[in-house]
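Here is the structure we will look at.
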Amino acid sequence: MAEQRFRILLVEDNPGDAFLVRTLLEETGEPFDIEHRSDLASAMAVLNGDGPDAQFDVVLLDLTLPDSSGVTTISKVRSCANTAPVVVLTGHKDEELAFDALQHGAEDYLTKEFPDGRTIRRFIRYAIERSRAERALKESEERYRKLVELAPELISILSGDEIVYINQQGLSILGAEDSAALVGRSFMEMVHPSSRETLDEYIVRYRKGYGGRADFTIICQRPDGENVELEVSAIAFTHEGAPAMLMLAEDVTEKRKIERQLVQTSKLATLGEMAASVAHEMNQPLNVIRMAADTCSLQYDLDAVKPAFQRERLSLISSQTERMSEIIKHLQIYSRPDDEDFTPFDPMKAVERSVDMIEHDCRLSGIVIDVVPPAQPCLVNGRQVQLEQVLVNMLTNARDAINENGDDGNIGGLIRVSAMVDEGLKSLKLAVNDNGGGVPEAAIDLLFHPFFTTKDVGKGTGLGLSVSFGIVEAMGGKIDVRNEGDGACFEVTLPITSVGPDEKPDIPELMPDEGSSLITGASCEARWNIRVLVVDDEIDAMEIISGYLEAQGYSVSAASDGEDALAIAGVVQPDILITDIRMPQMDGNSLVKALRIRNPALPVIVMTGHPGDAERPVDDDDDGADAPVMVLSKPLNLKELLAILDELSEVCAG
C-alpha cells in the first residue's frame, strides 16, 4: 500500500521561520510535502487554482503578512475555492488573539517558539483529523437533512404539543405555506376534535419519558377545511435536553378512499352473484300475498264473504309485506358504503344474517349450513355489515368449492360456521369449514392478494378475500387459511370487547291492539281539529293513507307532489305534514323548507324507502331544525303511523 503523504501550504513572510518549520518537520521523518508562499495573495492564488496542485491537507498561516494581518487573514484563506484546515503561526502569546483565531475558522493556534518538530507534527495531525471529522459530520447532517426534507412523509418534532420542527412534506400535507406558519404552534390546533384525545395520550406519554415506539392514526384539518387521515409512527426524541416526540406520519387519505371503493365493489359483486337467491327470497312472500289476495277476491265473486277469513288473509298479507321489507332493508344496508364509526356488536348477528343471505342457494345445491355458536356470547368492535361481507364471501367461496368438487354427485355438501371464545387471549375465533376439496397448496399464500382467484374466468373478481383481509385487519384481527379434513378452513380471529350476554332490553312497540275499533286512541273530536297534509307521488299510497286517517277522524288534505302540496297549504295551513322525500318537481326536503318558512314549528313525518333519507330526513340547514321530525320506513305500518300522529297531535293541541 502506498505511503500517504500530507501536503502543507506554509504561508510565512519570514524566510528564517519558514526554513525552521521545514527543517523541524523533515527531522520527524514524516512524509510531508511543503509548498511555501510569503504573502497572502500568492497563497490564495494557489488555493483558488485547479487540479491536484491546489489541494492541501493543512495551511500553516502567519497572521502578520506583507499584504494582510490579523484574524481577517484566516477568513480570506477559508473563502478560497479549495479549503483546508488552518493552523495559525504567530509570535505572540495572546489568549484573546487565539480565541479570535478559532472563532474565525482556525483549527488550532501555534506560537513560533517551535520546541520541536513532533509538536508541529501533532498540531498538524490533530487539525487534519478534526477537519475531516467536522467535514464528515457536516456531510452526514446534510445527507440526513435532505432525506428528511425530501421524505414523502410528514416528519415533525414535538416538544410537548408544540411544533419545534416540521419538514416540507409536512407543510404540504397540513396545507401550510412555510414552516414559520407552524413552528411554535400547538399541533393540536391542526387535529380534528375526534383525534385530539388520541394524540394527547401519546404527547403526555413521551413528555413523561416514555422511550418506546407508538403507532396510531389521527385525522387533521387543513386550513381549506379538508380532512386528512394520518398513520403516525412516533419515537422518543430529545430537544434542548428535554423529552420530546419525533413523529413520522403518512397521509393515507387517498389510500383509505381506494380501500373503501374496493370494499364497495366487492360487496356489489357479491350481491350480483346472489341475485337469483334474492329474487327467490322476494318471490316467496309475493307468492303468498298474491294467493291471499286472490282467495279474498274469490269470496266476493262467489258472494260468500267471511269477515274472519278476510281478516286472517289480510293479516297474512301484512306479515308477508313486513318480511319483504326486512329483506329489502338488509340489502340496502349491506350495499351502501360504510361510513359509520366502529361500535361494539354481537358477531353472531353477522353470522345469522350472512347465512340467511346465502342459505337458499346452498339449499338448491344440496349443501347444508351448520352454525355452532360460542359457549358464551361476546361483543367485538367494528362494523357489523363489514363482518357480514367477510362471512358472505367465505360462505360463497365454500359453496362454489363444494359445487365444483361435487359434480359427480357423490358428495354431500356441508359448510360449518363455528365460533369459539378464548377468554385467555380475549379473542373470538370464527371458522368457516367446508368439504369442497380444499385449496391448492401453491395458492394458499396468494389467496389474499388483490385480483387473485382460483375460480374459472368470469366466475370471480379476485377482490373478495383481499378486501376481507383488509376489513379484519382494520378490526384488529387476522385471517388464516388452511386445508383441514376434506376441505378448506378459513378462520377469522377478532379481539373481543366484552364477554357475556348483551343486556340491552328489547323495547316493545306500543301499537294499537288488533281488535281495537276503527277510531282508536285520541277522541274523534280532537283528531278532527288537526289538519294533516299527506304528500306522496305514488297516488295509490296517498289515497290509502288519506282514507285511513280520515276514517280515524283526522281532517286530511292530500297531494301527489310538492308543488300541489304547497298550493294546498296556501289555502289551508296544515298542523302536521306527512311526506315522501323523493318526488318529482319538488322533493320532500324543499317542501318542508317552504312550509317551515310559514310555520317553523311544523311537525313532520317522513315516509321513505331509502336508508339515506332515514338518516337525514330534513336538511341540516333547515330553519325549523328543532321542530319534530319522525321517520317511518316503507312499506308503512298504518297503525304505527296513527300512533305517531296521535303523539304529535297532543303536541299541537298543547
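Relative contact order, whole percent, for region 62-132 stands at 31, derived from Cα pairs under 8 Å and 6 or more residues apart. Within region 55-179, the ratio Rg/Rh, alpha carbon atoms throughout and Rh by Kirkwood, equals 1.19.
Take every Cα pair under 8 Å whose residues are at least 6 apart in sequence, average their separation, divide by the length of region 22-152, and the relative contact order is 23 percent.
Calculated over region 58-103, the projected area of the Cα convex hull averaged across directions stands at 3.2 nm². Packing-based ranking of 486-492, 69-75 yields 486-492, 69-75, ordered from highest to lowest mean Cβ neighbour count within 10 Å. On the principal axes of its alpha-carbon atoms, region 142-206 has extents of 35, 24, 20 Å, going from largest to smallest. Using 0.36 nm per residue and subtracting the Cα-Cα separation, the extra length available between Met420 and Arg143 on full extension is 94.4 nm. You can think of it this way: the chain between Arg222 and Lys255 has 10.1 nm of extra reach, that is 0.36 nm per residue less the Cα-Cα gap.
Rolling a 1.4 Å probe over the protein heavy atoms gives region 51-206 an accessible area of 52 Å² per residue.
For the peptides 557-569, 371-383, the ranking by packing is 557-569, 371-383, with the highest mean count of neighbouring Cβ atoms within 10 Å listed first.
The values are calculated or read from the model by the stated rules, or taken from the named source; none is laboratory data. It should be emphasised that the depicted structure is a prediction, and the values quoted were computed from it without experimental measurement. Counting neighbours? That spans all protein chains shown, and the Cβs are built from the backbone with ideal geometry, glycine included. For the accessible areas, the whole protein counts, side chains as well, though only heavy atoms, and no ligand, DNA or RNA atoms are used. Shrake-Rupley method; radii C 1.70, N 1.55, O 1.52, S 1.80 Å.
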